[in-house]
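Scroll down for the structure; my scribbles are underneath it.
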Amino acid sequence: MSTAKEALEKLKSGNRRFVSGQRKDGLFDEKRRAELTRGQAPFAVILGCSDSRVPVEYVFDQGGGDLFVVRVAGNLVEKTQMGSVEFAVTVLGSRLVVVLGHTECGAIKTTLSAMSNPMEDLTPGLNSLVDAICPAISSIAESLPSSDEGTVMSQSIRKNVTYNVDKLRIESPLLTPLCESGELMIVGAEYDLKSGEVDFFYGVDQL
């Protein structure tokens, strides 16, 4: 089992390989698939956005069995996502959880649009997404002029990440004591669609 610090270094090294175009071979070949029939022990959990431009295993240059990936639009922590992370940590033994946001997030854009146009007609499903994201970013949208769309967007993306990191740390009866004892680290990161780089910007100072 990797420690949180070791797991973070694996992710950083993998992302550097991805950005430089030097990805490893055989990450999910026949031999690896056969090995995984005996079980799994992912070294990290990634709670990321469903955006098709952020293929998590590619971004971190990892193969089958390496990462436990939970994906939902807006990298949100609702009950099912919380339960998925709890399962990976308590049953599979992962000691690092990363909430991974990304630049130009469509879920954040949709939420900001709905906040500025409250009469906008959305489906019940989209409304539930907006309602889940609003608490994280409402203070950003209210404190900055709407004309500064770029700043509002970029700060909202990061605020949404930190909000959901804190939600995992504070609201889970399984994860909270592990964080308090130092056995588990939950950090926030942002993937840049243009450069391919991942910036681990929240919580890494505790490692």
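Listing for the model above:
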item: Shape call, segment 37-99: gyration tensor on alpha carbons, a/c limit 1.5; result: oblate
item: Ascending count of other beta-carbon atoms within 10 Å, so fewest first, for Ser84, Ser94, Ser50; result: Ser50, Ser84, Ser94
item: Helix-only CD estimate at 222 nm, as mean residue ellipticity for the chain, using -39500 (n - 2.57) per DSSP H run (n ≥ 4); result: -15500 deg cm²/dmol
item: Neighbour cut-off at most 16 other Cβ (10 Å), DSSP loop, GluC sites (Glu not before Pro), segment 104-207; result: Glu104, Glu120, Glu183, Glu197
item: Label of the coordinate-derived value, percent of Cα pairs over 23 Å apart, listed as (1) 60; (2) 46; (3) 52; result: (2)
item: Max mean-square fluctuation residue, GNM over the chain, Cα-Cα springs under 10 Å, options Lys167, Lys24, Lys194; result: Lys194
item: Of all DSSP beta bridges in the chain, antiparallel share, percent nearest 5; result: 20
item: Order of Asp61, Asp121 - criterion: other Cβ atoms within 10 Å of each residue's Cβ, fewest first; result: Asp121, Asp61
item: Point-charge dipole on Cβ atoms (K/R +1, D/E -1) for segment 63-167, about Cα centre, debye to 20; result: 360
item: Inter-label distance, nm, simple model (7 Å from Cα along the C-beta direction), Glu35/Glu149; result: 4.7
item: Residue of Val161, Val19, Val70 that the Gaussian network model of the chain assigns the largest fluctuation, springs spanning Cα pairs under 10 Å; result: Val19
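Just so you know, all these numbers are worked out from the coordinates, no wet-lab data involved. All of these numbers come straight from a predicted model, not from anything done at the bench. Ideal geometry is used to build each Cβ from the backbone, glycine not excepted, and the neighbour counts take in all protein chains shown.
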